[in-house]
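Since the structure comes first, as structure tokens, the remarks are kept for the end.
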Amino acid sequence: MDWLTDSKIPVGKTAKAVFDWVRDNFDGALDVLADVMEMLIDGILWVLQEPNPLIVILGFVALTWAIQRSWKTCLFVFLGFLFILNQDYWEEATESLTLVLSSCVVCMAIGVPIGIAAAHRPKLYTYMRPVLDLMQTLPTFVYLIPAIVFFGIGMVPGLIATVIFVLPAPIRLTYLGVSSTPTALLEAARAFGATPRQTLLKVELPYAVPQIMAGLNQTIMLSLSMVVVAALVGADGLGVPVVRALNQVNTALGFESGFVIVVVAIVLDRMLSMGGRK
């Protein structure tokens, strides 16, 4: 079988050549992108860390009430954040929340319009599907390599790697929500003289809201799953003590920080679960 390996397809070399070309020709654009991402991260981090933790917690409880209208869910969110304070992981938790919220802003800002465009152009989604499959199935550690090449180490490469991994979720669910709008609703809107813009804003998007919210929920959960991976490229947050515990074989630290990550995930899931609202 040596003849087969002698004519090896240069997948790795081609990828390296592409990355080198992008770095050499778009260095300025990458610097601008890094600056914008860093400003977004710093802004969210300031909002979460500058005020007293109890004020931030009450803000999350108020947001939960606005979404869920359930005092039980609000109490659960309140107790969950109090537990994080009790474990002395508030700083790390807010850093991870910053990464999660930043990725949500970027992914939803990019994913929802692309999902809408794909729903209106079936051929576009057909071409996009292999790319989305590749983005979701490629091992997450692979994303760290170009992130380091383009942005060095820190929160920004962690955010970029997270966005690449998470982006297919809002695209797919937005596409599903918009494309599943009943034909009867669309025909009724057109019969009353609605323009394509009005049909999108007043029929398709309202009908797709549950799917879009599910996409937001998936974005948050997948972003949180990247916390430990992002720590490997210098991103702060709850992934740092997990990596430290792994290096030191520290069971107590690993379980403690891992459980806090679970609490954060459950709290965010309860906050945004559409099924919880009555």
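For the chain, what is the relative contact order in percent, using Cα pairs closer than 8 Å and at least 6 residues apart in sequence?
25 percent
Mind checking the per residue accessible area of the chain for me, 1.4 Å probe, whole number of Å²?
Dividing the accessible area of the chain by its residue count gives 55 Å².
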Round to the nearest 10 and report in Å² the accessible area of F78, as given by a 1.4 Å probe over the protein chains' heavy atoms. 70 Å²
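Just add up the charged neighbours of S179: K/R +1, D/E -1, any other residue whose Cβ is under 15 Å from the Cβ of S179.
Surrounding charge for S179 is +3.
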Loop only by DSSP, 11 or fewer other Cβ within 10 Å of the Cβ. Give me the chymotrypsin sites (Phe, Trp or Tyr not before Pro) in region 167-213 that pass, ordered by residue number. F192
Need the full-extension length gain, Q87 to D133, defined as separation in residues times 0.36 nm minus the C-alpha distance. One decimal, nm. 12.7 nm
Tell me which lysines have Cα within less than 28 Å of K202's Cα, excluding those fewer than 8 residues away on the same chain? K123, K278
In whole Å, what is the distance between the alpha-carbon centres of region 32-86 and region 134-175? 24 Å
Can you tell which of P210, L134, A235 lies farthest toward the positive end of the dipole of the chain, using +1 and -1 charges on the Cβ of basic and acidic side chains (Lys, Arg; Asp, Glu)? P210
Taking a quarter of the surface of the Cα convex hull of region 97-148, what do you get in nm²? 4.4 nm²
Could you let me know the centre-to-centre spacing of region 97-118 and region 202-243, using Cα atoms, in angstrom? 9 Å
Tell me the carbon and sulfur percent of the accessible area for the chain, rounded to whole percent, probe radius 1.4 Å. 68 percent
If r is the Cβ-Cβ distance from I145 to E187 and R0 is 35 Å, what FRET efficiency results, to the nearest 0.05? 0.10
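The values are calculated or read from the model by the stated rules, or taken from the named source; none is laboratory data. As the structure is a prediction and not an experimental result, all values here were calculated from the model. All Cβ positions, even for glycine, are placed from backbone atoms using ideal geometry, and neighbour counts span all protein chains on display. Surface areas here come from the heavy atoms of the whole protein model, side chains and all, with no ligands, DNA or RNA. Shrake-Rupley method; radii C 1.70, N 1.55, O 1.52, S 1.80 Å.
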